[in-house]
Amino acid sequence: MEKNDLKIVFMGTPEFAVASLRALVEGGYRVVGVVTMPDKPVGRHGSVLQASAVKQYALLQGLPVLQPENLKDERFIRELRALQADLQIVVAFRMLPEVVWAMPPRGTFNLHASLLPQYRGAAPINWAIINGEKETGVTTFFLKHEIDTGHIIRRRRLPVAETDDAGHLHDALMDAGAQLVIETVDLLIEAGGMIETRPQEMLRADEEELRPAPKIFKDTCRIDWQQPVAKVYDFVRGLSPYPAAWTELVLPDGRRTVLKLFATEKRMENHSLAAGTIRTDGKKHLDIAAEDGFIRVKEVQLAGKKRMVVSDFLNGIVLSNARVE
């Protein structure tokens, strides 16, 4: 089979998925349809509908687009079946019902932004950094009933630098993932449907603890200043630039406001200050006490304000006797 003969339906929503779709289209693969989320209301009153990044790209390429509210809807199933796909590819989409993922004769494979079986779940990029991983990667695997547990086709490893934040790692994994999607499709074409896969259990040492990657909520992002400096540092970069780690700034007069942190540095230093104590020269430096040192803050955002470097932040606020909690 040539790549022009393999009919592919692509499923995805955010920018992370666009790179893989673009690689397929520009590589000359036969994408016969795209499935993405319904347009999302945006704006103050939700009066404007915004198409997903995947839909915007698909329309520019003249690809048919399906946007089901319900993936079990009979009309959607009929429309999807009418595309007669040989293969379905899923990148950053929703959990699929069996009637969808079992439809094409060559199966449905998913691209996941971790080295499965580690970091199954919705936020693998964030959690890998939060947990201080030195390495992560991307994985392609065939879908089955349990989420992120199917047999693995291929994995590609990427190093995680100590200075990487979630935004930087997102982009690196997005590009690596697009390459792995193409590699996986080529493998499926060459194998003629007889591709060798590996159960995820084979890739896990007996004593290895599985680390999950659950969805991140606002409360998840609150900084615990009782943690060691290295833990706080990884926590901040693992949530930067989105959704962003935050703390509550308590001003000398008792007023409280949310302060988001985007970039920090580690300052290892013995001290006797309470966790959350602020140390600043009022001009360029803002240090916050943690268990075994200080977090030097570089970029912040005060509630209702724009993101700014710490010198601009200090220029507009007095932090004498202030603290964070």
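For the charge dipole of the range 95-243, defined by +1 on Lys and Arg C-beta atoms and -1 on Asp and Glu C-beta atoms about the Cα centroid, which residue among 194, 235, 101 has the Cα displaced farthest towards the positive pole? It is 101. Residues 234, 224, 219 ordered from highest to lowest accessible area at a 1.4 Å probe: 219, 224, 234. At a probe radius of 1.4 angstrom, the accessible area of the range 35-178 per residue rounds to 48 square angstrom.
Seen from all directions on average, the range 221-288 presents a Cα convex hull projection of 5.0 nm². Here each label is just a point 7 Å from Cα along the line to Cβ, and for residue 305 and residue 79 those points are 4.7 nm apart.
The mean of 1/r over all distinct Cα pairs in the range 265-325, once inverted, gives the Kirkwood hydrodynamic radius of 12.0 Å.
In terms of accessible area, using a 1.4 Å probe and ignoring ligands and nucleic acids, 271, 285 rank largest first as 285, 271.
Filter the GluC sites (Glu not before Pro) in the range 268-321 to those in DSSP coil with at most 16 other Cβ atoms within 10 Å of their Cβ, and list the result. In loop regions of the range 268-321 (DSSP not H, G, I, E or B), the sparsely surrounded GluC sites (Glu not before Pro) are 269, 291. Going 7 Å from the Cα of residue 50 in the Cα-to-Cβ direction, what parts of the range 1-41 have a backbone nitrogen less than 19 Å from that spot? It comes to 12-19, 36-41, nothing else.
Projected label points at residue 201 and residue 256, each 7 Å from Cα along the beta carbon direction, are separated by 4.8 nanometres. Rg over Rh for the range 122-262 works out to 1.08, using Cα positions for both radii and the Kirkwood form for Rh. Remark: accessible surface ordering of 170, 151, 145 (largest first) is 145, 151, 170, probe radius 1.4 Å. Using only helices, what value at 222 nm comes out for the chain when you add -39,500 (n - 2.57) per DSSP H run of length 4 or more and divide by the total residues, to the nearest 500 deg cm²/dmol? Helix-only estimate at 222 nm: -7500 deg cm²/dmol.
Applying D = kT/(6 pi eta Rh) to the range 38-197, where Rh is the Kirkwood radius over alpha-carbon pairs, T corresponds to 10 °C and eta to 1.306 mPa s, the Stokes-Einstein value obtained is 91 µm²/s. Per-atom-type breakdown for the range 111-257 gives carbon and sulfur 51% of the accessible area (1.4 Å probe, protein chains only). Run through the DSSP bridge list for the chain and note the antiparallel percent, rounded to the nearest 5. Around 70 percent of the beta bridges assigned by DSSP in the chain are antiparallel ones. Using a probe of 1.4 Å on the protein chains alone, the accessible area found for residue 217 is around 120 Å². Stokes-Einstein diffusion for the range 180-238, with the hydrodynamic radius set to the Kirkwood value over Cα pairs and evaluated at 37 °C in a medium of 0.692 mPa s, equals 205 µm²/s. In this structure residue 223 has an accessible area near 10 Å², from a 1.4 Å probe over the protein heavy atoms. Under the membrane-span-like helix rule (DSSP H runs whose alpha carbons stretch at least 27 Å along the helix axis, mean Kyte-Doolittle hydropathy -0.5 or higher), the chain yields 166-191. The shape of the chain can be summarised by an equivalent ellipsoid whose semi-axes, obtained from the alpha carbon gyration tensor, come to 43, 23, 16 Å from longest to shortest.
Counting Cα-Cα pairs of the range 1-83 in 5 Å increments starting at 0 gives whole-percent bin shares of 3, 14, 24, 22, 19, 11, 5, 2, 1, 0, 0. Pairs exceeding a 26 Å alpha-carbon distance, out of 218/266; 134/306; 134/284; 231/298; 7/40: 134/306; 134/284; 7/40.
Placing dummy labels 7 Å off each Cα toward the beta-carbon, the span from residue 146 to residue 272 is 5.3 nm.
The values are calculated or read from the model by the stated rules, or taken from the named source; none is laboratory data. As the structure is a computational prediction, the values presented were derived from the model and not from experiment. Ideal geometry is used to build each Cβ from the backbone, glycine not excepted, and the neighbour counts take in all protein chains shown. Heads up: the accessible areas ignore ligands, DNA and RNA and are worked out on the full protein's heavy atoms, side chains in. Shrake-Rupley method; radii C 1.70, N 1.55, O 1.52, S 1.80 Å.
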